[in-house]
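Have a look at the structure below, then the notes.
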Amino acid sequence: MYEEKLSGKIKSFLTFGFIPLTVFTLVMAVPFFVGLYMTFTDSSGGTITTDFIGLSNYAAAFQDPLFWDSMLLTLQYVLFSLILTNVIAFVLALLVTSGMKGQNFFRLGFFTPNLIGGIILGFVWQFVFSRVFVYFGQQLDMGLLSSSWLGDPHKALWALIIVGVWQNSGYMMLIYIAGIQGIDKSLLEAASLDGASSWGQLFRIKIPLMVSAFTISLFLTLQRSFMVYDTNLSLTNGGPYRSTEMIAMHVYNEAFKFQNFGPGQAKAIVLFLIVAAIAMVQVGVMKRLEVES
Amino acid sequence: MSLLKSARKTIAFLLVAALFVLYIFPFFLILTNSFKTRLKVVSSPLSLPTEFKLDNYVSAIRKMDFLHALGNSLMVTVVSVVVIIVMASMLAYYLVRWKSKFSSGVLMALVASMIVPFQSLMIPFVTIYGQLGLLNSKWMLCFYYLGFGIPLATFMYHGFIKGIPKDLEQAAFVDGASRIQVFTRVIFPILAPITTTIAILDVLWIWNDFLLPSLVLLSDSNRTLPLSTFYFFGKYTSNYSEAMAALVLSIIPIILFYLAMQRHIIKGVMDGAVK
């Protein structure tokens, strides 16, 4: 029935594939290739022209010191978020799979920030950092909290990291829970009969058997924190003085705030290349893991 | 030994309970402050409200045009998710059952497109559709969500449909059913578990999405909930008590959805992440 004549094949395609593929092409493929084309032309001001200017948009992008500042800042953010999110998520997962009372309730609670949009989460924390912490610091005369973290470039970065970790760790916890639940129970029972301590079981059995959960969670955190935008916008809006402008916001501002469409799109393509490279590494790592297991 | 064990259990429980309080505390703060007066929020943000007046809510609902924004969000989310499910399941069915060089090329293109971050598309996207005059419409927004949502949904359906034996469809074909009847009566009902997963992932994505609607929906009357919260908070940032009420209001719908669907959501997110 599927080995039809050409006319039957065309009819099947028109029935099932034509509309979704057309929409996909119009919404994703066309902007992607037009965007690539834009970077080689003088397409400033939001119009697409045919004046080829070679690589000068890329040159302008790479010569922009703010681009490098933002990239460096994003890398710092990614590094700390990656470590903290995964350590906390893993510990949470261990705790809420230990068979304690109310563990399902706790899981639901830790996951809650994930359900809510980053814009709203950022505003919630803006209030916490600029009002509650400051109030706390002044009442208790604690220097660290007595002025708003959001007014200081270095502390504002940490505010963003805290919010990012809080937002993502519940999600990564679920991935680690899935990993823990996938471990063969008889292995752990045998180990404890042999007198292995719970630390021994953790490092010799659980962690080695959860390599794929770690891989998935690490790459997900990497991608999410590298592309962070919503909480950046609502918590600090890149301030004070563009000092917390992560790379996604930098590209947005370059194009829509400062109208530098050409260099802005060149930066967007650089961003794509970085994300694509990360994804390639991920696929490679996952493939190797599958072969080993 | 058992004493040590139970002590350890107690410590673990207390640790989890403390962390839980820490995670939930920001929400608790905005909830308590949403009932206070503006001065009280500034002078003592940690105190509990002395009375539960709804004044802040009444004025926040009016100023952020809450009901309108809620309606817009509901419409955009429901229409987009339904269309994504219908279109992606059909495309995936086609790609699995009518194998050719073309169909495997399409699948490759869809998987590759999942890597592309939205930021790499948004500048040409706004340029093209802005010049064509196809921005500032909720219906166009649904159309764009369909385009951006097709790759992941098709990929997930594709993996599921591959595992369905052809026998059922053969029987229906022999009985004289058309292609579309076979799909709607035989295949689509079998897809229910994966459809739930995709629906949940897409609802959470579209309901909370900010960047795409902020670029597409330009007029006030089209704003979705994240947009109206954003503009409200920016405008009334000095009036913290109303801003807190606005935040609580914008969180309530998704929490209700969570309470109603918690098991499906947790399972859906777990399945989606491991893919």
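Every read-out reported here was derived from the displayed coordinates using simple, explicitly stated rules and does not represent laboratory data. All figures in this text were calculated on a predicted structure; none of them were measured in a lab. So basically every Cβ, Gly included, is an ideal-geometry build from the backbone, and we count neighbours across all protein chains shown.
Highest GNM mean-square fluctuation among A:279, A:196, A:93, for chain A modelled with Cα contacts below 10 Å: A:196.
Please state the relative contact order of the range A:235-293 as a whole percent: Cα pairs under 8 Å, 6+ residues apart? Each step should come with its number before you reach the end.
On the way: 21 pairs, mean separation 9.4, N = 59.
Relative CO of the range A:235-293 lands at 16 percent.
Take the alpha carbon gyration tensor of the range A:14-54, find the square roots of its eigenvalues, order them as a ≥ b ≥ c, and report rounded if a/c is under 1.5; if not, report prolate when a/b exceeds b/c, else oblate. Verdict is prolate for the range A:14-54. Rounded, prolate or oblate: which fits chain B when a ≥ b ≥ c are the square roots of the eigenvalues of the alpha-carbon gyration tensor, with rounded for a/c under 1.5 and prolate only if a/b beats b/c? The shape class here is oblate. The Cα atoms of the range A:64-292 cover 65, 50, 27 Å along the three principal axes, with the biggest extent listed first. Straight-line reach from residue B:63: taking Cα to Cα under 25 Å and skipping same-chain neighbours fewer than 8 places apart, the lysines in range are B:36, B:40, B:53, B:138, B:235.
Order by neighbour count: A:131, B:185, B:38, fewest other Cβ atoms within 10 Å first, most last.
Numbers: A:131 19, B:185 13, B:38 16.
Placing the least packed residue first, the sequence is B:185, B:38, A:131.
For chain B, adding -39500 (n - 2.57) for each run of n ≥ 4 DSSP H residues and dividing by the number of residues yields -24500 deg cm²/dmol at 222 nm. Each Lys and Arg adds +1 at its Cβ and each Asp and Glu adds -1 at its Cβ; summed about the Cα centre, chain B shows a dipole of about 540 debye. In straight-distance terms, cross-link reach from residue A:9 covers every one of the lysines whose alpha-carbon lies under 27 Å from its own, apart from those fewer than eight places away in the same chain; here that gives B:99, B:101, B:162, B:166. Legend: ranking of residues B:127, A:221, B:10, B:32 from fewest to most surrounding C-beta atoms inside 10 Å; resulting order B:10, B:32, B:127, A:221. In plain terms, the residue of A:13, B:102, B:20 with the fewest other Cβ atoms within 10 Å comes first and the most crowded comes last, giving B:102, A:13, B:20.
Counting helices only, and only those DSSP H runs with n ≥ 4, report the 222 nm mean residue ellipticity of chain A as the sum of -39,500 (n - 2.57) divided by its residues, in deg cm²/dmol to the nearest 500. Don't skip to the answer; put the middle values down first.
Values: 15 runs with 191 residues, N = 293.
For chain A, the value works out to -20500 deg cm²/dmol.
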